[in-house]
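Where a number appears in this text, it was derived from the coordinates with a stated rule and is not lab data. Computed from a predicted model, the values in this text were never measured in an experiment. Methodologically, a virtual Cβ is constructed for each residue, glycine included, from the backbone with ideal geometry; neighbour enumeration extends over all protein chains shown.
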Amino acid sequence: MLDPFLKIDGLSKTFGNTKALDNVSLDINKSELFSLLGSSGCGKSTLLRIIAGFEKPDSGKIYLDGQDITTLPPYLRPLNIMFQNYALFPHLNVKKNIEFGLKEEDLDKKEIDQRVNEITTLLELTGLESRKINEISGGQQQRVALARCLVKKPKLLLLDEPLAALDKKLRVQTQFELVNLQYKLGITFIIVTHDQEEAMSLSDRMAIMKEGNILQIGNPVEIYEKPSDKYVANFIGTANLFNLNLIDQKLIIKELNLEISNNSSKNKKLCLIRPEKIKIQKLENQNTQNQCIGVIKEVAYLGSYTKYLIESNGFNFYAFMQNEEVSRNLKIKWDDKVICTWSEDSIFFFDD
Amino acid sequence: MTNFLKKQNFWFVFTPYFWLVLFFFIPLALIFKISISVSEWGMPPYRDMFAFSEEGLSINVTLSNYLFIFSDSFYLRSYLNSLNLALTSTLICLLIGYPIAFYVAKSKENIRNLLLILLIIPFWTSFLLRVYAWKVILQGSGVINTILIKFGIIDQPLSMLHNHYAVILGVVYTYLPFMILPLYGYLVKFDLNLIDASSDLGAKPFKTFIKVIIPLSLPGIMAGSMLVFIPVVGEFVIPELLGGSDKLYFGKIIWDEFFVNRDWPIASALAMSGIFILVVPIIIFQLMYAKYHFKNE
């Protein structure tokens, strides 16, 4: 089997009394767009800084493209990092910022100019070359920061919260641009973010981190549909978590006092039903399985879909409904009694 | 209400100007007036500028004081000595002060405050006393010589006092905080990510220092250098206490003309010349400074 492009092997790092990284291992493939996702203080930024070479790990190794880079100083690593605040040099203009890294490579002026030209064209920065950094917009600064890294043709590009400083509309647009750019150039990207939507929409694969550990690695679908534990399920999207009881060989959802007709999952203790998988109707006719009767406690219209908070058997859970359906279900409002149904295969059972 | 605010603004803006006029321009004008007066015995030791006599009004104005000090190379040499002293000690202050300022600026906040207090504490002791202390340390029977002789490193006490180097030592010691504090002010705002970014882009630490850290702390370097350079050119006390007869300094010459020779016009002409020669670099500095800020803000 081929070695992974970036192999992180048992990295640990302690700051004072806090374990920032606890024996973290991770394999990233060539040309992959990989996200490190977690709330603040989960160790994702520390991991990024160790890969970049700004921090030394207490133990563990990093291999990039077969080469052990654990002890290399940052200026010898064939990778680049884009900082959250971009860290553009305020005393240099756009062009000088972009060619800064090339000048350290002993290239002749012709090649430097050519490569700077290529990248400014690619990132639509043409015409801004002689501007100072404070004379261009936030979006342009982000592209200059990107250009400054990409012009060096790194094997690996690290991006620390690349979109955090942009406003929401620009952020969505830039997300797509970033994915396109990565696809076009084939450079391996590692993105650190705390924004789960951003991670879901950008990544080929992602790792969910908590307290210096990686909880789960997988593609967005795996992580959303089959989270490794409660924390991941809650961190990504909205999660209805139910405890399970086995009574008389029947699997019961404890909170709803509802039987599940699933024979293969009898030893499971916890299950997840995502809110968009719950169908709700006004209480008229009644089926038998995978359904419960509840009362609408809250309705939140969010444009493309509507959020319902439903109470059943004293327990609250969410159901989302696309508004194509809401228009047909407009009659559902506060304090309505509804019948909730879901298909058998939309229940995810956690391993213990 | 707006009138009231305007009135407040007026005082707010113009108080410093009144201060400047009262305590800077008026005294300066007086010195200038004396510098173009004719010297004579008496009190004050110069002739009134306007005198009425039977022949009518006579105006006693002369440039001879200026002509005299520029024709005697003695004054020029003392001025060059002072410039030399100021340049050397500014450079040494910069070389010592920069790493200290950098270290203080990048320390953790609680340590940083402690270090800043340590920098400022010497000001609580009289400046004169601190310079005098160096005399005690450096003199023939001083601390250094006593120790060196005790350990048998030297037989005869070294003569470390009353020369140009003792003056430089005293000046650097006294003015170092004036270099460190403005440098610190700029370096504390310095984004450490810029150093990481430079390193990440392939620049070795020395290149990062030259290409990123120095250019971005240039205003601090300029401000600190001016704060050391300008007062040292006119410094009188340190050369008087620690200096010898090998070199004469400008401040000492002005003092002697004023209080020993009682030739106020010559002393004033010297002071005015000193100011004009210094005004040129200050204006250059101000222009550079303004240009830098205009570009970056």
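When only alpha carbons of segment B:84-178 are considered, Rg and Dmax amount to 16.2, 48 Å.
In terms of other Cβ atoms within 10 Å, B:252, B:207 run from fewest to most in the order B:207, B:252. Report, in listed order, any pair from A:109/B:207; A:19/A:168; A:169/B:204; A:56/A:152 with a Cα-Cα distance greater than 30 Å. Cα-Cα > 30 Å for A:19/A:168; A:169/B:204; rest within.
Ranking B:137, B:113, B:86 by how far each Cα lies toward the positive end of the dipole of segment B:24-139 (charges on Cβ) leaves B:113 at the top. For the protein assembly as shown, the mean projected area of the C-alpha convex hull, equal to one quarter of the hull surface, is 51.4 nm². Helix A:138-150 axis versus longest C-alpha principal axis of chain A: approximately 60°, rounded to the nearest ten. Expressed per residue, the C-alpha convex hull volume of segment A:1-94 stands at 138 Å³.
Note on segment A:194-234: the alpha carbon radius of gyration divided by the globular reference 2.2 N^0.38 Å gives 1.04. The order of A:104, A:211, B:40, going from fewest to most other C-beta atoms within 10 Å of their C-beta, is B:40, A:211, A:104.
Each peptide among B:170-180, B:256-266 gets the average number of other Cβ atoms lying within 10 Å of its residues, and from highest to lowest they stand as B:170-180, B:256-266. Rounded to whole numbers, the Karplus 3J(HN,Hα) couplings from phi for segment A:98-115 are 5, 8, 3, x, 5, 5, 7, 9, 6, 8, 7, 4, 4, 5, 4, 4, 5, 5 Hz, using 6.51 cos²θ - 1.76 cosθ + 1.60 with θ = phi - 60°, and x at Gly and Pro. This ranking places B:98, B:46, B:165 by how few other beta-carbon atoms lie within 10 Å of each, fewest first, which gives B:165, B:98, B:46. Computed about its Cα centre, the charge dipole of the protein assembly as shown is approximately 300 debye, with only Lys, Arg, Asp and Glu carrying charge at their Cβ.
Over all pairs of different C-alpha atoms, chain B has a mean inverse distance whose reciprocal, the Kirkwood radius, equals 23.1 Å. Between residue B:137 and residue B:38, what FRET efficiency comes out of the Förster formula 1/(1 + (r/R0)^6) with R0 = 45 Å and r the beta carbon distance, rounded to 0.05? Efficiency at R0 = 45 Å is approximately 0.45. Look at the alpha carbon pairs under 8 Å that are at least 6 residues apart: their mean separation over the length of chain B gives a relative contact order of 27 percent. With the simple model of a label 7 Å out from the Cα in the direction of the Cβ, residue B:72 to residue A:293 spans 11.7 nm. Among A:25-37, B:133-145, sorting by the average number of other beta carbon atoms lying within 10 angstrom of each residue, highest first, gives A:25-37, B:133-145. Counting charges near residue A:217 (Lys, Arg +1; Asp, Glu -1) among other residues having Cβ under 14 Å from its Cβ returns a value of 0. Measuring r between the beta carbons of residue A:305 and residue A:265 and using R0 = 41 Å, the FRET efficiency lands at 0.90.
The convex hull built on the alpha-carbon positions of chain A has an orientation-averaged projected area of 22.7 nm².
The mean count of C-beta atoms from other chains within 10 Å of the C-beta of residues in A:87-94, rounded to a whole number, is 6.
Two numbers describe the Cα atoms of segment A:240-349: Rg and Dmax, which are 14.0, 45 Å. Set against the 2.2 N^0.38 Å expectation for a compact globular protein, segment A:125-186 has a Cα radius of gyration ratio of 1.14. For segment B:137-282, report the % of Cα-Cα distances exceeding 21 Å. Result: 64 percent of Cα pairs exceed 21 Å.
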